[in-house]
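In what follows, a single structure is set out as structure tokens and then discussed.
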Amino acid sequence: MKAIRITTLLALVVPAMAAPVITDVTGTATTQGATTMTIVGTGLSGGGTSIHFATNVITPTSISGTAVTFVLPEGQGTLLPIYVKVGGVDSNTYFFSYDPPAIGSLSPTKGLAVGGSILTIDGSNFGTAPTVTMDGMNAPVQTSSHIQLTVTTPATSGGPVDVVVAAGGQFSSPAVYQSVALTSPPGYYIDLENEVVVPAPAGRYVSEENATQATLCPYGYYTPVDGMRAAIPASPGYFVDSIGAESQTPAPAGRYSSVPASTGSFPTTPGFYTPFPGMRAAIQASPGYFVSTSMATSQSPATPGRFVSSAGATSEESALPGHYAPFAAMTGAIAAPPGRYVSNSDATSTLVAPAGRFAAGFGSTSTTAASPGHYVPHPGMGVEIEAPAGFFATGTGNNDVTPAPVGTYVADAGATSATQAVAGTYAPIVGMRAAIPADPGYFVSTNGESSQTPAPAGSVVAGPGADSATPALRGSYAPFEGMRAAVPASPGHFVASPGQTSQVAAPTGRFVAGSGASSATAAAEGYYAPIIGMRSAIPASPGYYVPLQASASQTPAGAGSFAAGFAATSDVDAPVGTYAPIVGMRAAIPAPAGTYAPTAAATSVQVVPAGYTTDAGNGEGGSSLVPIPQTKIVAYTLEANGDNTITFESANGQTYALYYSENLEDYTLLETIAGTGGDVTRTFTPPVSTTGRRFYIVGPYTAP
């Protein structure tokens, strides 16, 4: 059975609803939509609220009595009608506009006046069906979005052009596009930024007129110079593996390029190689050579022991037993000669028939033993011979002979044993016919020795055949092994004990004058030896002294002292009237005129004060002060204008000096005055006093 729902209908009487009212629409009204808008008014809620905008019915995102929000759909236009339906009641119609189009930027900002260029316009609110004009001429829209347009520029007359975007009856403000009235031939293009015609740079080309940019060379092509109309195909043996190339690249060694306009190179195959860059074809391997791998830059010579008989080989052949290939790059194997044999394949050389055996013919693979009573002394022989002196055989039927061992010798042929070398002699190698006496500088201490012993360092052996060495004497040394005689100690050196291997340098403060010395001599007072190994002591230089024996250095005369000559043993105080301002002086300096040195050992001088001279008069070397006689001042008058008048006694022919002082210690020369033999009067303007006191002194003048 079907279930039956019984619904009771209740009729209610509802008062008539007041019509909703829109007073404003707020929000950002971009043409691309997706922004939240708010309808402001009254009576906007009450059930079943919907928004009617242009031809769209929009569901609100939020509702209240005074505000309804919704998401704006994309669109364009101005004074578009919008109203709200609440509970079946329509509000008043409000007229609403999308934001007008706005141009943010043009790219490029310049173009050719002939038109036909693509112009990109970035901005906002371009709407769903925009149009573009350039100085009022239509610019066909190629692509369109709310924020970007691309258009084809129309022909213009040149100069600034106004670009305007229109969308839904609204227009943007004009943006200025610079129209450049230039033309260019193939190989050149128009630089819009600088409005000049320039050649296509290397790596690019221009094939048509009025181009605004140059085209990058494609793979396999290049342009080596500016201003080219077409790219050059890579030559055979070369390739171009990048775009915009200015040059072609030679196929590297191991590869080749056989056709023009190649974008790469081909590897060589086994049996072929390319030794140089830029090759058009691979080279076949020569006889005696082979190539086993791809991309070979060279052919490999057949290795010793193998050969290659034909061209274009990828491997090598082995030499058979009885044959050999001694060199690389051989085209065939060689048969082993008599006295030699080859027992295996891949041989690079023949084997020499060993001593005691021989090989008789060509191409031998083995050897034959020598018969008893004979021997084969050298490898590679084909005959046997009798044992010579220096060798012996112990019995019959031997296939070889024995050389006398080291330390022994055999004097005659046919011997059956060897004789030991006696002390003082030696046999250094096998097969010797006689022992060798020890050389001078060497000795042999026991019988049966195979070598001589060098005299150890510190010892000598004077003659041949010695069985021992002798220590070097005092005053001499033996620095190396095997010396025949000791070396006398050199001047500046000594050897204190026997058996020494080196000489000793005289220490600082000492010297050795001759050779063969066993000790060093101390430098005397007044002399010094500053470095080791000196042959004589050095006298102290002027200005220096050496007070002790065995000194390694000289001492500079102290300040206030001097040392006058060579080899001084002490310094001397500068006498009164002189001074020595620094160390190391050779003589004291007389006190200059105008100064004096009142004590011995002075390092400086004192200035003679005003009113005094020295015991040296006006010359150098003063040691004490002498007052200058003063002249009698007869009268002094202070004039009304502040000048001073002085009258003093004078002698005829004497020059006088008028001095000024404020403390009777420091004096200033005011002027010099010639004596007349009577009273002299002088009026002068006095210096400005800093203390309120003035003193005047008149005395004989001495020029400095």
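Within region 425-450, the set of residues being buried (at least 20 other Cβ atoms within 10 Å of the Cβ), in contact (Cβ under 8 Å) with a residue 40 or more places away in the chain, farther than 18 Å from Ala393 by Cα and small (Gly, Ala, Ser) comprises just one member, Gly441.
Looking only at region 464-482, residues that are open to solvent by 30 Å² or more (accessible area, probe 1.4 Å) and assigned to a loop (DSSP other than H, G, I, E, B) come to 10 in all. Per the listing Gly617, Gly642, Gly675, the residue uniquely touching a residue at least 24 places away in the same chain (Cβ under 8 Å) and either more than 25 Å from Val688 (Cα to Cα) or in contact with a Pro (Cβ under 7 Å, 6 or more places away or on another chain) (or both) is Gly675. Scanning region 581-595 for residues that are under 30 Å from Ala540 (Cα atoms), open to solvent by less than 40 Å² (accessible area, probe 1.4 Å) and not hydrophobic (A, V, I, L, M, F, W, C) turns up just one, Gly584. For Thr578, the criteria (1) buried (at least 17 other Cβ atoms within 10 Å of the Cβ); (2) touching a Ser or Thr at 6+ places or on another chain (Cβ under 8 Å); (3) not aliphatic (A, V, I, L, M) hold in every case but one, which is (2).
For Thr297, state whether it is of a type in the set (Val, Ile, Thr) and open to solvent by 70 Å² or more (accessible area, probe 1.4 Å). No; evaluated as a whole, the condition is false for this residue.
Selection of region 488-508 for residues being open to solvent by 40 Å² or more (accessible area, probe 1.4 Å) and hydrophobic (A, V, I, L, M, F, W, C) yields Ala496, Val504.
Is region 392-407 home to any residue that is without any contact (Cβ under 8 Å) to a residue 24 or more places away in the chain, crowded, with 17+ Cβ neighbours inside 10 Å and either over 30 Å from Ser468 (Cα atoms) or in contact with a Pro (Cβ under 6 Å, 6 or more places away or on another chain) (or both)? Looking for residues that are without any contact (Cβ under 8 Å) to a residue 24 or more places away in the chain, crowded, with 17+ Cβ neighbours inside 10 Å and either over 30 Å from Ser468 (Cα atoms) or in contact with a Pro (Cβ under 6 Å, 6 or more places away or on another chain) (or both), one finds at least one in region 392-407, hence yes. When each of Glu665, Glu671, Glu649, Glu620 is tested for being surrounded by fewer than 11 Cβ atoms within 10 Å (Cβ to Cβ) and either under 30 Å from Ala593 (Cα atoms) or touching an Asp or Glu at 6+ places or on another chain (Cβ under 9 Å) (or both), the lone residue that passes is Glu665.
Residue by residue, here is whether (1) under 35 Å from the mean Cα position of the chain (by Cα); (2) part of a loop (DSSP other than H, G, I, E, B); (3) buried (at least 17 other Cβ atoms within 10 Å of the Cβ) holds:
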site: Ile243; (1), (2), (3): yes, yes, no
site: Ser247; (1), (2), (3): yes, yes, no
site: Val259; (1), (2), (3): no, yes, no
site: Ser262; (1), (2), (3): no, yes, yes
site: Thr269; (1), (2), (3): no, yes, no
site: Met279; (1), (2), (3): no, yes, yes
site: Pro287; (1), (2), (3): no, yes, yes
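Can Val84 be described as surrounded by 13 or more Cβ atoms within 10 Å (Cβ to Cβ) and part of a strand (DSSP E or B)? Answer is yes for this residue.
Of all residues in region 500-523, exactly one satisfies the criterion of being in a loop (DSSP other than H, G, I, E, B), of a type outside the set (Gly, Ala, Ser) and in contact with a Lys or Arg (Cβ under 7 Å, 6 or more places away or on another chain), namely Val512. The residue list Tyr612, Tyr696 contains one member that is within 30 Å of Gly577 (Cβ to Cβ), surrounded by 12 or more Cβ atoms within 10 Å (Cβ to Cβ) and out of contact with any Asp or Glu (no Cβ under 6 Å at 6 or more places or on another chain), which is Tyr612. Considering region 149-168, and only residues there that are surrounded by 20 or more Cβ atoms within 10 Å (Cβ to Cβ) and of a type in the set (S, T, N, Q), the residue that is nearest to Pro130 (Cα to Cα) turns out to be Thr153. Scanning region 596-609 for residues that are open to solvent by 60 Å² or more (accessible area, probe 1.4 Å) and closer than 21 Å to Asp666 by Cβ gives Ser604, Gln606, Val607. Within region 674-690, the set of residues being surrounded by 12 or more Cβ atoms within 10 Å (Cβ to Cβ) and either among the hydrophobic types (A, V, I, L, M, F, W, C) or in contact with a Lys or Arg (Cβ under 9 Å, 6 or more places away or on another chain) (or both) comprises Ala674, Val680, Phe684, Pro686. Going residue by residue through region 393-415, is there one that turns out to be within 30 Å of Phe480 (Cβ to Cβ), in contact with a Phe, Trp or Tyr (Cβ under 6 Å, 6 or more places away or on another chain) and part of a loop (DSSP other than H, G, I, E, B)? Within region 393-415 (the criterion being within 30 Å of Phe480 (Cβ to Cβ), in contact with a Phe, Trp or Tyr (Cβ under 6 Å, 6 or more places away or on another chain) and part of a loop (DSSP other than H, G, I, E, B)), the answer is no, since none of the residues qualifies.
A Cβ distance below 9 Å, combined with a sequence gap of six or more or placement on separate chains, defines the contacts here; from region 684-695, residues that are charged (D, E, K, R) reach residues that are open to solvent by less than 70 Å² (accessible area, probe 1.4 Å) and assigned to a strand (DSSP E or B) in the pairs Arg693/Ser661; Arg694/Asn644; Arg694/Tyr660; Arg694/Ser661. Applying the selection to region 368-391, what residues are closer than 23 Å to Ala434 by Cα, crowded, with 20+ Cβ neighbours inside 10 Å and of a type in the set (A, V, I, L, M, F, W, C)? Those that are closer than 23 Å to Ala434 by Cα, crowded, with 20+ Cβ neighbours inside 10 Å and of a type in the set (A, V, I, L, M, F, W, C): Val376, Ala387, Phe391. Looking only at residues in region 551-564 that are open to solvent by less than 30 Å² (accessible area, probe 1.4 Å) and part of a loop (DSSP other than H, G, I, E, B), the one that is nearest to Glu525 (Cα to Cα) is Ser551. Of the residues in region 368-376, none is part of a loop (DSSP other than H, G, I, E, B) and modelled with pLDDT of 90 or more. Among the residues here, Ala485 qualifies as open to solvent by 50 Å² or more (accessible area, probe 1.4 Å) and of a type in the set (A, V, I, L, M, F, W, C).
Total residues in region 170-211 satisfying the condition of being open to solvent by less than 60 Å² (accessible area, probe 1.4 Å), assigned to a strand (DSSP E or B) and in contact with a Cys (Cβ under 8 Å, 6 or more places away or on another chain): the figure is 1.
Counting residues in region 231-240 that are among the β-branched types (Val, Ile, Thr), modelled with pLDDT of 95 or more, part of a loop (DSSP other than H, G, I, E, B) and open to solvent by 50 Å² or more (accessible area, probe 1.4 Å) gives zero. A single entry from Ala328, Ala347, Ala355 fulfils the requirement of being at pLDDT below 90, crowded, with 16+ Cβ neighbours inside 10 Å and in a loop (DSSP other than H, G, I, E, B): Ala355.
So in region 94-135, with the set limited to residues that are closer than 30 Å to Ala18 by Cβ and in contact (Cβ under 8 Å) with a residue 40 or more places away in the chain, which one is surrounded by the fewest Cβ atoms within 10 Å (Cβ to Cβ)? Only one residue tops the list, namely Ser97. Restricting region 39-67 to residues that are without any contact (Cβ under 8 Å) to a residue 12 or more places away in the chain and not in a loop (DSSP other than H, G, I, E, B) leaves a set whose member that is farthest from Thr26 (Cα to Cα) is Val57.
The values are calculated or read from the model by the stated rules, or taken from the named source; none is laboratory data. Note that the structure is a prediction, hence the values are computed from the model and not measured. Positions of Cβ are backbone-derived with ideal geometry, glycine not excepted, and every protein chain shown enters the neighbour counts. The area values use the complete protein model at the heavy-atom level, side chains included, leaving out ligands, DNA and RNA. Shrake-Rupley method; radii C 1.70, N 1.55, O 1.52, S 1.80 Å.
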